[in-house]
1. Using a 7 Å offset from Cα along Cα-Cβ at residue 43, what residues in segment 66-89 end up with backbone N under 19 Å from the label point?
2. Distance in nm between label sites at residue 53 and residue 79, each 7 Å beyond Cα in the beta-carbon direction?
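Bear in mind that the values in this text are calculations on the coordinates, not laboratory data. Predicted model only: the values in this text are computed from it and were never measured. Cβ: placed from backbone, ideal geometry, glycine included. Neighbour counts: every protein chain shown.
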Amino acid sequence: MSYCRQEGKDRIIFVTKEDHEAPSNAELIADDPHDPYEEHGLILPNGDINWNCPCLGGMASGPCGTQFKEAFSCFHYSKEEVKGSECIDHFRNMQECMQRYPELYPQEEDNEIPKQPEDNSASDSTESPALSPQTDSVPLSSPTDSQTAS
């Protein structure tokens, strides 16, 4: 016997093996591409930006939503040869806004695992360690690296 149960926002439907074996009698209706209430991707059929797209992760709302929309719109509608090159000020404004709300917009380095204290005597280079030619996946260690590891 099939039945349905509501748990919070979720609806759970239990069906029997017989229910699954019977062919579906559901009728599929073709999507209307001009239905204003239909879910679309980031870009609507008319070329406009869908600010309700879940792919934006809520960036279009919130304390920096206006700055995000200005920057994203500028980039989307940009006709410059280097797309978005005229939008730098809009992106700078968005970044400044986001920095005022670090609890809502954490910086990338805030999400990373805390780093080990750096040894300034190791090297002045800011490049990543070279790969070993034998494995192409294991970084070569310098004498100072092996000394600090022990």
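1. Label zone hits: 69-87.
2. 2.2
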